[in-house]
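Down below is the structure, laid out as structure tokens.
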Amino acid sequence: MSITLTELANLCAAQIKGGDPSSVIGSAADIVTAQAGQVTQLTSSRYSKHLQTSNASACFIAEGFPVENVPENVALLVCADPEMSFIKAVELLHPQPAHPPQIAPQAVLSDTAALADTVYVGPYAVIGENVRIGDNSEILAGAYIGNNVQIGKNCRIYPYAVIYDDAVIGDNVIIHSGAIIGADGFGYKFRNHQHVKVPQVGNVVIGDNVEIGANACIDRGALGSTSIGAGSKIDNLVQIGHNNKIGNHVIMCGQVGVSGSCDIQDYAVLAGSAGIADHVTIGQGAVVMARAGVAGDIKAGSQVFGSPAKEKRVAYKEQVAISKLPELIKTVKLLEEKIQLLEEKQP
């Protein structure tokens with residue numbers, strides 16, 4: 001999609017400073033690679049030098065952001081929040097491909113499935129019994145939707161995602177390729193020298209505006225539901241065990257693993273490769289830093305690091321102390337040698 005700079009500024013709540021308001025903008029790019037006909041953004045002084053040599057046609061910056069030696073070819077789009085304005089510009093210039101409402105002839109649908117008239121179902125998708133799918137949702141090629149699944153409005157299920165029986169999915173949910181929603185939880189009892197499977201008969205409930213990354217796995221509850229709150233974002237390769245309760249607007253980064261029956265409260269952040277033991281509560285707004293191992297409850301608003309995870313400042317001090325151990329060991333050895341020499345000199 002291409003629009004004039006004036007149209008772009010009006011749609012993104014920005015004021016044009018310099019440049020050619022009639023120039024045509026066709027796409028967005030980062031500030032290092034942007035060329036003529038593209039718009040970019042500058043939000044950090046670390047990248048100001050790139051603006052001075054930029055070939056972009058326009059650049060979003062914040063009101064009062066200091067810039068010098070701006071090339072004549074670059075129009076500044078001055079706005080209150082350049083990051084949000086740039087996101088709006090990207091959405092306008094790179095619209096999501098839309099599928100017309102239809103059911104591909106290669107799709108397999110149960111006779112008892114109820115789909116809104118505006119739903120798209122791609123080739124080789126499978127829709128089970130008593131499924132309900134809301135307006136404007138898209139089930140892309142090869143996706144599998146099990147029995148008794150409910151999917152809300154404006155959802156997009158990407159190719160080869162799998163949604164097991166009885167899952168409930170809200171509105172505006174995105175589930176990327178390879179994600180598995182509702183597989184059995186990892187529950188066993190050891191009896192008579194063998195692992196006996198505990199039946200997993202619950203389901204998964206996903207709130208509105210949730211996005212689930214590629215190859216993420218969310219297990220069904222053993223009894224009851226595993227739940228994901230509204231607005232939460234789950235990255236690729238995340239494992240969420242059975243009966244977890246994930247709050248609203250939680251961020252879970254790549255390779256996070258959460259054991260069963262945890263309570264991850266609203267606005268918590270779990271950074272990459274963090275591991276959470278079972279029956280743990282992560283308080284509201286808490287941050288579990290990358291590769292942390294959490295074995296106990298984390299207070300609301302706290303930041304923890306390390307394994308076992310500790311308050312960030314304490315963990316950092318310990319890391320610094322550990323880095324000094326080789327020198328400390330050297331010093332101790334020298335002192336031992338000096339003491340030994342002194343002892344040998346005594347009558």
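The values are calculated or read from the model by the stated rules, or taken from the named source; none is laboratory data. Since this is a predicted model, take the numbers as computed values, not measurements. FYI the Cβ positions are ideal-geometry reconstructions off the backbone, even for glycines, and counts take in every protein chain you see.
A few comments on the model shown:
Here's the yes/no breakdown for (1) in a loop (DSSP other than H, G, I, E, B); (2) farther than 27 Å from Gln284 by Cα; (3) among the aromatic types (Phe, Trp, Tyr):
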| position | (1), (2), (3) |
| --- | --- |
| Lys189 | no, yes, no |
| Ala214 | yes, no, no |
| Ala222 | yes, no, no |
| Thr226 | no, no, no |
| Ala230 | yes, no, no |
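- None of Lys312, Lys245, Lys233 is of a type in the set (D, E, K, R) and farther than 20 Å from Ile151 by Cα except Lys312.
- Of the residues making up region 163-193, those that are of a type in the set (A, V, I, L, M) and crowded, with 21+ Cβ neighbours inside 10 Å number 7.
- When region 56-98 is filtered for residues that are touching a residue at least 60 places away in the same chain (Cβ under 8 Å), loosely packed, with under 13 Cβ neighbours inside 10 Å and more than 23 Å from the chain's Cα centre (by Cα), only Ala80 remains.
Here is a yes/no grid of residues against (1) in contact with a strand residue (DSSP E or B) (Cβ under 7 Å, 6 or more places away or on another chain); (2) closer than 25 Å to Ala222 by Cα:
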position: Ser259; (1), (2): yes, yes
position: Ile264; (1), (2): yes, yes
position: Ala268; (1), (2): yes, yes
position: Gly275; (1), (2): yes, yes
position: Val287; (1), (2): yes, no
position: Gly293; (1), (2): yes, yes
position: Phe305; (1), (2): no, no
position: Val314; (1), (2): no, no
position: Ile329; (1), (2): no, no
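- The listed residue being crowded, with 18+ Cβ neighbours inside 10 Å, more than 20 Å from the chain's Cα centre (by Cα) and free of Cβ contacts under 8 Å to residues at least 40 places away in the same chain, out of Val287, Val280, Val269: Val280
- Meets criteria (buried (at least 18 other Cβ atoms within 10 Å of the Cβ), closer than 18 Å to Cys217 by Cα and assigned by TED's automatic domain parsing to the domain that holds Asn203) for Val238: yes
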